[in-house]
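Quick one: structure below, then a few questions.
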Amino acid sequence: VYQDYLNIVSEIDLDAKAISDIAKRTEDRIKMKIQLVVMDSMNSMKMHGDSEALTAFQNTKYLKQECKNNGYVGLLINHVTKGCDPTLRDCSEYVRGGSKVLQNCDAYYSFSKVVNKEQSNFNSKPADIIYLPSTFYVRLVNKRDTGNTLDKVFTVDGALTVDFLDIEPRKLEFYG
């Protein structure tokens, strides 16, 4: 069904201009206007000066402008460092390449696990944390217009069916 609408490129070691060129070549090949580009940013970008932070900042700044110029939405998949707690709702300070990456975006979202408070033992050393199975918390931060956040809790089943729960997300906050 999506064969004509989903184009996967698996090139690596790309600078921002090469990424932009791939999008333009793909548009020429498929004879359609691209509306959305999704990229695993740190795995596909060429390193600048052996610095992950410099690489991410320079490339995301360029890509943001290219998306604006070409009229498509650009989503970057940015991983977090090991120090990021899996229950942290806003992982912006742990983005690989540094939090400056998020300065070059209009919005971002982060996923986190949801702790099962009844089954977890927070007093043990180390704490025995049990997560709710297949349940996740997503936070969308709109930096451009309102600055508001949108919080939702959802589940994913074995067939990858997503079901958004009608629950107040703050009730599932781990801290507080």
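The values are calculated or read from the model by the stated rules, or taken from the named source; none is laboratory data. Keep in mind that this is a model prediction, so the values were computed, not measured. All Cβ positions, glycine included, derive from the backbone under ideal geometry; neighbour counts span all protein chains shown. SASA here: full protein model, heavy atoms, side chains in, ligands and nucleic acids out. Shrake-Rupley method; radii C 1.70, N 1.55, O 1.52, S 1.80 Å.
Estimate the FRET efficiency between Phe164 and Tyr72 by the formula 1/(1 + (r/R0)^6), using the beta-carbon distance for r and 35 Å for R0, to the nearest 0.05.
Calculated value: 0.85.
While we're on this one: Starting from the Cα-Cα distance between Lys171 and Arg29, subtract it from 0.36 nm times their residue separation and give me the gain in nm to one decimal.
46.2 nm is the gain from fully extending Lys171 to Arg29.
What's the angle, to the nearest 10 degrees (0 to 90), between helix 16-30's Cα axis and the longest principal axis of the chain?
For 16-30 against the chain, the angle is about 70 degrees.
Whose amide H sits under 5 Å from the amide H of Lys143, counting only residues 5 or more places off or on another chain, with H placed in the peptide plane?
So Lys143 has HN proximity to Ala107, Tyr108.
Mind listing the phi-derived Karplus ³J(HN,Hα) values for segment 100-107, rounded to whole Hz, using 6.51, -1.76 and 1.60 with θ = phi - 60°, and x for any glycine or proline?
After applying 6.51 cos²θ - 1.76 cosθ + 1.60, I find 5, 4, 6, 5, 9, 10, 8, 7 Hz.
Here's another thing I want to ask about it. Could you look at the chain and say what percent of its accessible area is carbon and sulfur, using a 1.4 Å probe and all protein chains?
53 percent
Amide H neighbours of Val37 under 5 Å, at least 5 residues apart or on other chains, H built in the peptide plane: list them.
Val73, Gly74, Leu75
Also: Mind listing the long-range amide H neighbours of Tyr131? Cut-off is under 5 Å, sequence gap 5 or more, other chains count too, H placed in the peptide plane at 1.01 Å from N.
Asn116
Taking the Cα centre of segment 55-176 as origin, sum charge times position over the Cβ atoms of Lys and Arg (+1) and Asp and Glu (-1), and report the length of that vector in debye to the nearest 20.
Charge dipole, segment 55-176, about its Cα centre: 520 debye, nearest 20.
While we're on this one: What angle do you read, to the nearest 10 degrees and between 0 and 90, between the alpha-carbon axis of helix 52-70 and the longest principal axis of the chain?
60 degrees
If you place +1 on the Cβ of every Lys and Arg and -1 on the Cβ of every Asp and Glu, how big does the dipole about the Cα centre of segment 27-74 come out, in debye to the nearest 20?
It comes to approximately 260 debye.
Let me ask another. So with the 1.4 Å probe, I'd like the accessible area per residue for the chain, rounded to whole Å².
Here the per-residue accessible area is 67 Å².
Any idea what the dipole of segment 86-127 comes to, in debye rounded to 20, about its Cα centre with Lys/Arg Cβ at +1 and Asp/Glu Cβ at -1?
180 debye
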